[in-house]
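*Asks:* Let me begin by handing over the structure; questions about it come next.
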Amino acid sequence: MEQELTRQSDGEGGLQSPDEAAGLGRVRSLLIELERTPADPVIALAFNRAVSALAKQPSAEVFGFLRELNELPVLRQAKDSNGYPCRAAVLAAWVELGYPWALELAPEDHAWLRAQTPGAGAGWLSVTFVLAVLSAIFNVGVSGLLAFEFLSRPSWVEWLVVVPFAAMGAHGIATLAAAQAGLDGGPAAAGRLRALGYAGLVAPAAALVPAVISLELGLCVLLLGLPFTASALTAWWASRALSQGR
């Protein structure tokens with residue numbers, strides 16, 4: 001059936017708009033690549049995006065094409081770089097076609113599609129986004145205030161105080177960008193968020209050093225790094241949710 005789908009001409013089944021013909025052709029060409037390398041998450045991601053775009057061209061031909069795609073064994077195995085199955089992308093596009101075609105989707109397919117929807121991942125990404133904004137604003141603001149305070153002081157030792165806050169501010173900005181990429185379906189979002197999540201161990205570890213001298217000082221360092229640590233922890237959980245396809 002895979003070969004039959006890829007050999008279909010764009011004009012088969014009636015007149016098509018240029019956009020619809022281009023969309024169908026794009027999916028067919030990606031299907032050929034996916035059949036060759038079903039384990040390639042980059043090709044699967046491109047396929048999922050192309051299939052999703054078909055939902056913007058509702059027609060009987062698109063409906064028939066999606067219904068045939070749903071039967072392909074390769075799409076039951078392939079997953080994109082976010083862990084989202086290609087078959088789920090096909091069913092989601094089928095539903096988005098709307099009336100009357102969406103009514104023909106079987107209840108068991110509806111249930112399976114709901115189970116694949118990455119709701120938990122989206123939730124963690126949203127929380128990470130908000131916390132990263134707070135971390136970036138707080139740490140960039142503190143580093144800016146300290147830098148302004150030390151402008152008239154020649155001692156480089158005092159300027160070392162600015163470095164941790166500037167680094168945490170940069171981490172907040174990077175986490176913000178990675179969370180947005182995840183919400184947009186970016187292929188590298190999970191890996192970036194995981195790396196940024198591991199960086200969250202820095203602040204608690206750094207707090208142990210002054211805690212040896214003074215417990216109050218160590219607690220102060222821990223509290224100052226709390227926005228940074230919180231955004232890093234949620235980034236790590238978001239990366240897990242994306243990797244597991246939830």
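*Asks:* Looking only at residues in segment 60-108 that are of a type in the set (Val, Ile, Thr) and open to solvent by less than 10 Å² (accessible area, probe 1.4 Å), which one is nearest to ARG194 (Cα to Cα)?
*Replies:* Selected residue: VAL90.
*Asks:* Consider segment 16-55. How many of its residues are loosely packed, with under 15 Cβ neighbours inside 10 Å, over 22 Å from the mean Cα position of the chain (by Cα) and assigned to a loop (DSSP other than H, G, I, E, B)?
*Replies:* 2
The values are calculated or read from the model by the stated rules, or taken from the named source; none is laboratory data. Treat the numbers as computed from the prediction; the structure is a model and nothing was measured. Here the Cβ is made from the backbone with ideal geometry for all residues, glycine too, and neighbour counts use every protein chain on show. Quick note on the areas: whole protein, heavy atoms, side chains included, nothing else; ligands and nucleic acids left out. Shrake-Rupley method; radii C 1.70, N 1.55, O 1.52, S 1.80 Å.
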